[in-house]
Structure formats: structure tokens, C-alpha cells
Amino acid sequence: MNLFLDDYRTCPPGFTLARDVEECKLLLIEYDVNILSLDFDLGYGNPTGLDIASFIVNKQMYPNAIYLHTSSDAGRRAMYELLYMNKPDRTEVHNGPMPQELLEQIAQASRTKQ
């Protein structure tokens, strides 16, 4: 499963959408996540993507790759530093969004499965 955490943006094809931190945690617990893409700001007063980054580190539940598609520079930096400093060797942490080419490959693969 590929997982996309965002309260506002449209979920890319080939991803499962989590609109909040609790939903994202449940999906991380229940499924083997290949790629995780995180937003930081999830609505005023709500937990943030940093809460998911902390959850991943504390539970050692790392996906294979993590991308940070947030528009918050401070949020991206905080999530990246926490995840990168604690990640296992098998996990890639990217300090930015997924490249368009990767999004297209994932979308194509999801269409093929249907």
C-alpha cells in the first residue's frame, strides 16, 4: 500500500488517502506501507505530520520510502530531521515531494492491477 496523508489535496492514483493523523496511524498499523507521503499542516489545531513522524520513530514502523509534500518549510525540516536521524538503512527519506515520473509509474501500476 502507498499512503498519502493530507487534509486538503487530492490523493494521487495508486495511493490510499488518510485525512488526519489518527487515520494515518491506523493504516500504518494495519498495512505494510511501501511509500508514505506526508503533509505537515492538517488543519488548525489538529495534530500534524510531525506527530506521524514521531509515531513512526517511536513504533519503528518505517515504510520503504517517505516523501514530504508539505508546503511548510519549517514542518518539512522538522519531519525530515526526525525521520532521517532515526531511520533504518532500508528506508529512504526524501526532503520533498515525489517526482512526477514516480507518481506516473505508481498510477500506471494501479491501473494495470484493476
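The values are calculated or read from the model by the stated rules, or taken from the named source; none is laboratory data. Computed from a predicted model, the values in this text were never measured in an experiment. Quick reminder, even Gly has a Cβ in these numbers, built from the backbone with ideal geometry, and neighbours come from all protein chains shown. Only protein heavy atoms, including side chains, enter the accessible area calculation; ligands, DNA and RNA are left aside. Shrake-Rupley method; radii C 1.70, N 1.55, O 1.52, S 1.80 Å.
Observations, loosely collected:
- Between the Cα long axis of helix 73-86 and the first principal axis of the chain there is an angle of about 90°, rounded to the nearest 10.
- With a simple spin-label model that places each label point 7 Å from the Cα along the Cα-to-Cβ direction, the separation between N95 and S72 comes to 1.8 nm.
- With all protein chains kept in place, the per residue accessible area of the chain amounts to 57 square angstrom at a probe of 1.4 angstrom.
- With all protein chains in place and a 1.4 Å probe, the accessible surface of the chain carries 48 percent carbon and sulfur.
- The range 1-70: projected area of the alpha-carbon convex hull, averaged over directions, in nm²: 4.1
- On the basis of the beta-carbon distance and an R0 of 30 Å, N58 and L102 show a calculated FRET efficiency of 0.60.
- C-alpha long axis of helix 100-113 to longest principal axis of the chain, angle in °: 50
- When the Cα atoms of the range 34-114 are aligned to their principal axes, the ranges along those axes come out at 38, 31, 19 Å in descending order.
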